[in-house]
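What follows is a short report on a single structure.
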Amino acid sequence: MYKLIAIDLDGTLLNSYGEVSKKNNEAINQAISKGIEVVLASGRIGTSVETIAKQIGADNYYISGNGSMLFNIKNQKIEYENFIEKDKILELIKICEENSIYYNIYTQTMVIANSLKYNVAFYNYENSKKSTEKRTNINIVQNVYNYVKELENTKFLKMTICDESKIIFSSIIRKIKSIKGIDVLDVSHMCKKVIKEGTKKNDIEYFYTEVTKEDVDKWTTILQLLKLIDIKSEEVIAIGDNINDEKMIKNAGLGVAMGQSNPRIKQIADIVTQDNNSDGVAEIINKLI
């Protein structure tokens, strides 16, 4: 019997507009009513994940920053952390600035950037549909390096680096991988999101990678949670779509890939469900639970 379901957000639980469908929400509520722990495991900042977790009723724990943090929602307490050091963030900023490539930094409570582009533009679009207290905190600053340098008592989850040109993007990745003590996510395909303005739809497409501290991943953090709540690995269902979901899909009792997933993720998954715009999460929960 499965006792825990770990669900990614972007490209998995959320559709292309950043929304949780009614079917997905109902399926999750049914699983929770049967005593199954549902945990969101996302690359997003903590407060953003927590808002969605509370919205769907999965309000015990969440994982953010691709596994940088496990947070206890009820007690408002960090149960496990593996944050990237400030000096590494500053080193990454310098490389990005010197090569004129877009980047943004995720802390526990905010996204820091110098403009609204790519993933940050999509978060801003999501914010336009939410009440103030539920919005992702986006902090636009002119000089990101100096701003970060002056920050104190701040926990850095990860850094996201984006560009529309694959040649430019690949070049910067090679430079970043030379830095010791970090992990660079190997994403080879374009990210595609949709912003809807009235009847008009605008596609946002870009190559990206995510940089965390070395040995950060969702599955390692899920294992920390399993110790806390006494659940075995084989009792876990993990649902995701991208490279940052690879280890949890590979190691869970049942690994589920979304219909539009990266081909590598589909290959290692036990089951492939419908895509994120066709209630794939609901389909798998209703089928198994």
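The values are calculated or read from the model by the stated rules, or taken from the named source; none is laboratory data. All values reported here derive from a predicted model rather than from experimental measurement. Neighbour counts are summed over all protein chains in view; Cβ atoms, including those assigned to glycine, are modelled from backbone coordinates with ideal geometry.
Look through region 123-142, keep the residues that are loosely packed, with under 12 Cβ neighbours inside 10 Å and more than 20 Å from Gly46 (Cβ to Cβ), and return whichever of them is nearest to the chain's Cα centre (by Cα). It would help to see each step written out before you state the result.
Initially, region 123-142 is screened for residues loosely packed, with under 12 Cβ neighbours inside 10 Å, giving 128, 131-133, 142.
Retained after the next criterion (residues that are more than 20 Å from Gly46 (Cβ to Cβ)): 128, 142.
Working: Ser128: 20, Gln142: 25 Å.
In this case the residue turns out to be Ser128.
Within the bounds of region 224-238, is there any residue that is within 24 Å of Leu4 (Cα to Cα), modelled with pLDDT under 95 and in the same structural domain as Gly67 (by TED's automatic domain parsing)?
At the first step, the residues of region 224-238 found to be within 24 Å of Leu4 (Cα to Cα) are 224-238.
Those still in the list that are modelled with pLDDT under 95 too: none.
No, there is no match, as no residue in region 224-238 is within 24 Å of Leu4 (Cα to Cα), modelled with pLDDT under 95 and in the same structural domain as Gly67 (by TED's automatic domain parsing).
Name the residue that is nearest to Val184 (Cα to Cα), counting only residues in region 59-79 that are of a type in the set (A, V, I, L, M) and surrounded by fewer than 23 Cβ atoms within 10 Å (Cβ to Cβ).
As a first pass, look at region 59-79 and keep what is of a type in the set (A, V, I, L, M): 63, 69-70, 73, 78.
If we keep only those that are surrounded by fewer than 23 Cβ atoms within 10 Å (Cβ to Cβ) as well, we get 73, 78.
Numbers: Ile73: 28, Ile78: 24 Å.
My answer is Ile78.
Which condition number does Ile243 fail, the rest of (1) within 27 Å of Asp183 (Cβ to Cβ); (2) modelled with pLDDT of 95 or more being met?
Only one criterion in (1) within 27 Å of Asp183 (Cβ to Cβ); (2) modelled with pLDDT of 95 or more is unmet by Ile243, namely (2).
Against the definition (touching a residue at least 24 places away in the same chain (Cβ under 8 Å), of a type in the set (Asp, Glu), over 18 Å from Ile84 (Cβ atoms) and buried (at least 18 other Cβ atoms within 10 Å of the Cβ)), how does Glu164 come out, yes or no? It would help to see each step written out before you state the result.
Numbers: touching a residue at least 24 places away in the same chain (Cβ under 8 Å): yes; of a type in the set (Asp, Glu): yes; over 18 Å from Ile84 (Cβ atoms): yes; buried (at least 18 other Cβ atoms within 10 Å of the Cβ): no.
Spelling it out, it is not the case that Glu164 is touching a residue at least 24 places away in the same chain (Cβ under 8 Å), of a type in the set (Asp, Glu), over 18 Å from Ile84 (Cβ atoms) and buried (at least 18 other Cβ atoms within 10 Å of the Cβ).
Filter region 73-95 for residues that are within 30 Å of Ala58 (Cα to Cα) and not acidic (Asp, Glu) and give the result.
Selection gives Ile73, Lys74, Asn75, Gln76, Lys77, Ile78, Tyr80, Asn82, Phe83, Ile84.
Would you mind telling me which numbered condition in (1) within 20 Å of the chain's Cα centre (by Cα); (2) free of Cβ contacts under 8 Å to residues at least 60 places away in the same chain; (3) farther than 20 Å from Gly18 by Cβ Gln108 fails?
Looking at each condition in turn, Gln108 falls short on (2).
Answer with yes or no whether Ser131 is closer than 30 Å to Ile231 by Cβ and hydroxyl-bearing (Ser, Thr, Tyr). Let's see the steps before the verdict.
On the way: closer than 30 Å to Ile231 by Cβ: no; hydroxyl-bearing (Ser, Thr, Tyr): yes.
For Ser131, the condition - closer than 30 Å to Ile231 by Cβ and hydroxyl-bearing (Ser, Thr, Tyr) - is not met.
For region 24-49, how many residues are without any contact (Cβ under 8 Å) to a residue 40 or more places away in the chain, within 21 Å of Phe156 (Cβ to Cβ) and either surrounded by fewer than 22 Cβ atoms within 10 Å (Cβ to Cβ) or of a type in the set (Gly, Ala, Ser) (or both)?
So in region 24-49, the residues without any contact (Cβ under 8 Å) to a residue 40 or more places away in the chain come out as 25, 29, 32-33, 35, 38, 40, 42.
Now restrict to residues that are within 21 Å of Phe156 (Cβ to Cβ): 40, 42.
If we keep only those that are either surrounded by fewer than 22 Cβ atoms within 10 Å (Cβ to Cβ) or of a type in the set (Gly, Ala, Ser) (or both) too, we end up with 42.
Result for region 24-49: 1.
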